[in-house]
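Derivation of every value follows stated rules applied to the coordinates shown; laboratory data play no part. The shown structure was predicted, so the numbers you read here are calculated from the model rather than taken from an experiment. When we count neighbours, we look across all protein chains shown, and the Cβ atoms used for this are built from the backbone with ideal geometry, even at glycine.
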Amino acid sequence: SSPSNSSQLGIILFIIGSLGNLYHHYLLASLRSGVSLSEKKKYMAPKGGMFEYVATPHYFFELVAWMGIALASNQLTAFLNFISMTCYLMARSYNQNQWNMKRFEEKEWPSSRMNMIPFLF
């Protein structure tokens with residue numbers, strides 16, 4: 001028998017979430033490539049991808065992947081894990097955005113930038 005629609009959607013969301021997470025981690029890792037040793041110790045505001053809209057796009061995509069796992073498995077524990085991870089990452093993204101606003105100037109890190117979900121939170 002073929003997979004259910006929710007399983008297929010879950011697999012698609014898992015792939016999108018995993019690739020989005022990987023891409024934004026790549027952007028973070030690239031921040032200090034090609035700079036001098038003294039600059040490597042300096043904090044730099046992330047740029048590119050969804051960093052233009054939110055402080056922690058890698059968290060957003062991690063949640064997309066977790067939702068994919070929950071839909072694909074259709075298990076209560078997977079949905080509870082998604083809820084748990086959402087609460088945990090929302091708190092972390094809020095704190096990260098607050099720290100960034102204190103660390104960087106408005107030009108580098110606009111106070112209008114959301115925490116994790118574009119245009120919402």
Taking segment 61-96, which residues are in contact (Cβ under 8 Å) with a residue 40 or more places away in the chain and either over 22 Å from R113 (Cβ atoms) or not in a helix (DSSP H, G or I) (or both)? A65, W66, M67, G68, I69, A70, L71, A72, S73, N74
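Within segment 97-121, work out how many residues are in a helix (DSSP H, G or I), more than 14 Å from the chain's Cα centre (by Cα) and either acidic (D, E) or within 15 Å of Y53 (Cα to Cα) (or both).
Step one: of segment 97-121, the residues in a helix (DSSP H, G or I) are 97-103.
Next, only the ones that are more than 14 Å from the chain's Cα centre (by Cα) stay: 98-103.
When the remaining residues are screened for being either acidic (D, E) or within 15 Å of Y53 (Cα to Cα) (or both), the result is 98, 100-101.
Residues in segment 97-121 being in a helix (DSSP H, G or I), more than 14 Å from the chain's Cα centre (by Cα) and either acidic (D, E) or within 15 Å of Y53 (Cα to Cα) (or both): 3 in total.
Yes/no matrix, rows are residues, columns are (1) buried (at least 19 other Cβ atoms within 10 Å of the Cβ); (2) in contact with a Ser or Thr (Cβ under 7 Å, 6 or more places away or on another chain); (3) over 19 Å from N115 (Cα atoms):
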position	(1), (2), (3)
K42	no, no, yes
M50	yes, no, no
T56	yes, yes, no
Y59	yes, yes, no
Q98	no, no, no
Going by the conditions given, is S18 touching a residue at least 12 places away in the same chain (Cβ under 8 Å) and on the phi < 0 side of the Ramachandran plot? yes
